[in-house]
Amino acid sequence: MIKGAEQMIAKLKRFADKYPDHVAKALYQEAQIEATEMKKRTPVDTTANAPHPGNLRNSIHVREPERSGRTISVTIATGAQAPYAIFVHENPDAFHPVGEWKFMESVINESRSHMADRIARRVHLSGVKL
C-alpha cells in the first residue's frame, strides 16, 4: 500500500461525504495530472525495430469516477494492449534508456501528502464552501 494512504483516504472521505459530485470531478481531474506525469516516466522500447514503441506509455489512462456507498474512487491503469506493464513497473534490474521502473507508484508516492489538499482546493474553487 502507498505510504500515508490511510490519512489521505480519511481526509478525502470527509470531503466526499459532504460534496460527492464535486469531489468525484476533482479527483478525476487530479488523476489526469498524475497520469500525465506517469506517462513521462514510463519506459519506452527504443531498440531498433521495436514492435510497438510507446505502447505502454500510451496505454495509461484514468477511468471515470466510481461510487460505492460513501466511497468515491478513480483508477489509473494501463491498458490491455500492454499486459507486460507489471513486469516493466516492478523490475528494478531492467534497463530503461527512456523512463524508469515504478513509473506509476513513484508519482503517487510523491503526490500523496498534497493530494487531499489539491482536491479540496478544486472543490472549493467549484463554489463549495469548505
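Applying 1/(1 + (r/R0)^6) with R0 = 25 Å to the Cβ-Cβ distance of Asn58 and Ser113, what FRET efficiency is obtained, to the nearest 0.05?
E between Asn58 and Ser113, to the nearest 0.05, is 0.30.
Compute the signed sum of charges (Lys and Arg +1, Asp and Glu -1) over the other residues within less than 11 Å, Cβ to Cβ, of Pro20.
Combined, the nearby Lys, Arg, Asp and Glu give +3.
Along the Cα-to-C-beta direction of Gln81, a point sits 7 Å from the Cα; which residues of segment 50-67 have their amide N less than 11 Å from that point?
What the label zone holds, given the 11 Å backbone N cut-off, is 52-60.
Count the lysine pairs in the chain whose Cα atoms lie under 24 Å apart, taking only pairs 8 or more positions apart in sequence or on different chains.
Summing the qualifying lysine pairs gives 15.
So, in nm, how far is label Ser73 from label Gln32 when the simple model puts each one 7 Å beyond its Cα toward the Cβ?
2.2
Could you please state how large a percent of the accessible area of segment 1-129 is carbon and sulfur, counting protein chains only and using a 1.4 Å probe?
Of all accessible area on segment 1-129, carbon and sulfur atoms account for 54 percent.
With a probe of 1.4 Å, find how much accessible area segment 21-130 has per residue, and write the answer as a whole number in Å².
60
Within a Cβ distance under 10 Å of Gly54, other residues only, what is the Lys/Arg minus Asp/Glu net charge?
In short, +1.
Restricting to DSSP H runs of at least four residues, report the calculated mean residue ellipticity at 222 nm for the chain, -39500 (n - 2.57) per run over all residues, nearest 500 deg cm²/dmol.
One gets -17000 deg cm²/dmol as the mean residue ellipticity at 222 nm.
Identify which of Glu30, Glu100, Glu66 has the largest mean-square fluctuation in a Gaussian network model of the chain, with springs joining Cα atoms closer than 10 Å.
Highest fluctuation among the options: Glu66.
Subtract the Cα-Cα distance of Leu125 and Asn91 from 0.36 nm times their separation in residues, and report this length gain in nm to one decimal.
8.2 nm
When the chain is treated as a GNM, springs tying every alpha-carbon pair under 10 Å, which of Gly79, Gly54, Gly69 comes out with the largest mean-square fluctuation?
Gly69
The values are calculated or read from the model by the stated rules, or taken from the named source; none is laboratory data. On a predicted model such as this, the values are computed, not experimentally measured, just so you know. Ideal geometry is used to build each Cβ from the backbone, glycine not excepted, and the neighbour counts take in all protein chains shown. For the accessible areas, the whole protein counts, side chains as well, though only heavy atoms, and no ligand, DNA or RNA atoms are used. Shrake-Rupley method; radii C 1.70, N 1.55, O 1.52, S 1.80 Å.
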